[in-house]
Amino acid sequence: MLAAVVTAATRSRALGRMGAVLVSGVATGAAVGLAVARVRGDRMAPWILGRATGICAYLVLVGVVLLGLSLSHPRRAERGRSAPTRMRAHVTLSVLALALIALHVVVLATDRYAGVGWSGAVLPMGAQYRPTAVTLGVVGAWIGLLAGLSAAAAGRLPRRLWWPLHKVAAISLVLIWLHGVFAGSDTPALLALYLASGAIVLVAAAHRYLARGRVQLGATDGSR
């Protein structure tokens, strides 16, 4: 009887996730279709799409880092059963961030007016447009990919090997933040967004590492 109830609950959750994915897909498709219809025939359309995907990728990456800080928090055990949900969200957002970054790169690399090109999109200092600012994004994207690959190796390698690599995701976010601020011609309009999101990540990181210090101090005091 209990097994049947568990199976039914599992099936219900699976159907719920499938429904959420379907609704999300339809909504995303509708949004993309509306955006394409709005900018059709506009010479700036590729740049608009590239900029939009870049901003979305940055915001998703902020969510990835915040969830990562939450999952590695010294008091994560107190949050109990929400950890698996947060882990699934962390993985899902990571994949979404990768997809958005890939689209951002492809659109700007193929836009002849953007001044980026394929060399600028994948190699440091290869862009004609603001090469230093673009390079920050290129290096940040490569570091983010390294962090993602380290997560894929988590079950195959000892923690002491993959965990330091995975933590470079924070460096990736810093570089992409700088890339967004200095590469975007619309930065003045988005400066509040960058400052607010950056401050949120800094506060979360400070809370996580200060908590670790308190836990270590408490363990030291208890051993005396």
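Observations on the structure shown:
- Gained length - Arg156 relative to Ala170, 0.36 nm times residue gap less alpha-carbon distance: 2.8 nm
- The packing ranking of peptides 172-182, 196-206, highest mean first, is 172-182, 196-206, where packing means the average number of other beta carbon atoms within 10 angstrom of each residue.
- Extension gain, Leu59-Leu149: 0.36 nm per intervening residue step, less the Cα-Cα distance, totals 30.4 nm.
- Charge sum, other residues only, whose C-beta stays under 11 Å from Leu66's C-beta, Lys/Arg counted +1 and Asp/Glu -1: +2
Since every read-out is calculated from the coordinates, none of them should be taken as a lab result. Since we're looking at a predicted model, the values are computed, not measured. Please note: Cβ atoms are built from the backbone with ideal geometry, for glycine as well, and neighbour counts cover all protein chains shown.
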